[in-house]
Amino acid sequence: MLAVGNPFNLTSTVTAGIVSAKARNINILPDQKFPIESFIQTDAAVNPGNSGGALVNTNGELIGINAAIASNTGSYSGYSFAIPVNIVRKVVNDLIEYGSVQRGFIGVSIREVDAAFAKEKDLKTMNGVYVNGLTREGAAESAGIREGDVITHINEVPVKSSPELQEQVGRFRPGDKINVSILRDDEKRIIPVTLRNKDGNTKVMRNEAVSMLGASLESAGDQELAKLGLDAGVKVKELQTGKLKNAGLKEGFIITSIDNKKVKSPSEVMEYLEAKRGGVLIEGVYPNGMRAYYGFGM
């Protein structure tokens, strides 16, 4: 493998190495709610300035994009990591077509299978991941996957770890159908699953309104809603320059309705505003219980 980049401002530097692992999770995104960490690990020398550079094979084919190193000093110490090209291609296509990354979710919590766990659960294989829980009314539960199933393949691609499962599912969008191979009671089954977005439906969310609003939105948590006496709401997680900030709205505000119409998810907010022309009235509440109203034009 060859790693290309501009480390330490040394333009067009090329280093060589071997691939020692795929689907490596190095836990560099602990603050992300739904991170995908499935890196290609190599020993090609990578340093600050290499990030975003190409990792190619000896045929000149793009394999990944250099992204991280494992180091106690901040400089290369023998291990470098690249984002697989399949994930990069999907992200780029999403941004071009929709303006934001479209994540498909399968709706399972899993644990990896080792010899001790296989013995405990009387599993006949360690080649797969164990379904430890299901999102209520999520994609997997709706398709018929159960707790205790062992997922062995996604569309005939073997998955033996959480990063491998995340990488394969991460290649698809909400509404896409995938074939999930499982073992249940030592019997092999293939279950078609229609992936959903984080709001639990199959819609993709276009991002035309996001840049205008200058806001990052998320569904408000159950505890926060209960504390404020709300059934549902959409929280303003981050604010940048845009219509909401210009209107006086602050981070942490929970939007409960737009033009007197209740909203329950970020996708509902975006869908409504993308179709709206003219004045908009947003109603909601701050974490301290103070209600507020904001008006602006679309």
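Where a number appears in this text, it was derived from the coordinates with a stated rule and is not lab data. Just so it is clear, the model here is predicted, and its values are computed rather than measured. Cβ atoms come from the backbone with ideal geometry, glycine included; neighbour counts cover every protein chain shown.
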Quiz item: What is the set of long-range amide H partners of F172 at a cut-off below 5 Å, with H atoms built 1.01 Å from backbone N?
Solution: G104
Practice problem: Could you calculate the FRET efficiency of K262 with N132 from 1/(1 + (r/R0)^6), where r is the beta carbon distance between them and R0 is 35 Å, rounded to 0.05? | Solution: 0.55
Quiz item: Between S71 and T194, what FRET efficiency comes out of the Förster formula 1/(1 + (r/R0)^6) with R0 = 30 Å and r the beta carbon distance, rounded to 0.05?
Solution: 0.10
Quiz prompt | In segment 218-279, the trypsin sites (Lys or Arg not before Pro) that fall in loop regions by DSSP, at most 12 other Cβ within 10 Å | solution = K250, R277
Exercise. Starting from the Cα of T125, step 7 Å along the direction of its Cβ; do the same at S20; then give the gap between the two resulting points in nm.
Key: 3.0 nm
Self-check item: Those GluC sites (Glu not before Pro) in segment 134-241 that DSSP places in a loop and that have at most 11 other beta carbons within 10 Å
Solution: E137, E156
Exercise. Scan around V263 for amide H atoms under 5 Å from its own, H built in the peptide plane at 1.01 Å from N, and keep only partners 5 or more places away or cross-chain.
Key: S257, I258
Quiz item: So how far, in whole Å, is the C-alpha centre of segment 222-298 from the one of segment 133-155?
Solution: 33 Å
Quiz prompt | Cα-centred dipole magnitude for the chain, charges only on beta-carbon of K, R (+1) and D, E (-1), debye, nearest 20 | solution = 540 debye
Practice problem: Give the dimensionless ratio obtained when the Cα radius of gyration of segment 49-199 is divided by 2.2 N^0.38 Å. | Solution: 1.20
Self-check item: Selected from G53, A116, V101, residue furthest toward positive end of dipole (segment 1-140; charges at beta carbon)
Solution: A116
Self-check item: Cα centre as origin, Lys/Arg/Asp/Glu Cβ charges: segment 108-194 dipole, Debye
Solution: 140 debye
Quiz item: Can you give the extra length, in nm with one decimal, that the chain gains between R277 and N246 once fully stretched, where that is 0.36 nm per residue apart less the Cα-Cα distance?
Solution: 9.4 nm
Quiz prompt | Extension gain from N59 to Y286, taking 0.36 nm per residue of separation minus the Cα-Cα distance | solution = 76.1 nm
Practice problem: Under 21 Å Cα to Cα from K160, which lysines show up? Leave out anything in the same chain fewer than 8 places away. | Solution: K22, K119, K121, K124, K177, K188
Self-check item: Alpha-carbon radius of gyration plus Dmax, which is the widest Cα pair, for segment 2-98 in Å
Solution: 13.3, 40
Practice problem: Kindly put V157, V56 in sequence by how many other C-beta atoms sit within 10 Å of each C-beta, fewest to most. | Solution: V157, V56
Practice problem: Give the label of the value calculated from the structure for volume of the Cα convex hull per residue in Å³, choosing from (i) 148; (ii) 133; (iii) 177. | Solution: (iii)
Quiz item: Quick one: putting +1 on the C-beta of Lys and Arg, -1 on the C-beta of Asp and Glu, what dipole do you get for segment 2-98 around its Cα centre, in Debye to the nearest 20?
Solution: 100 debye
Practice problem: Please list the non-local residues whose amide H lies under 5 Å from the amide H of G64, H modeled 1.01 Å from N, same-chain partners needing a gap of 5 or more. | Solution: L55, V85
Quiz prompt | Sparse-neighbour loop sites [GluC sites (Glu not before Pro); segment 1-105; at most 13 other C-beta within 10 Å; DSSP] | solution = E61
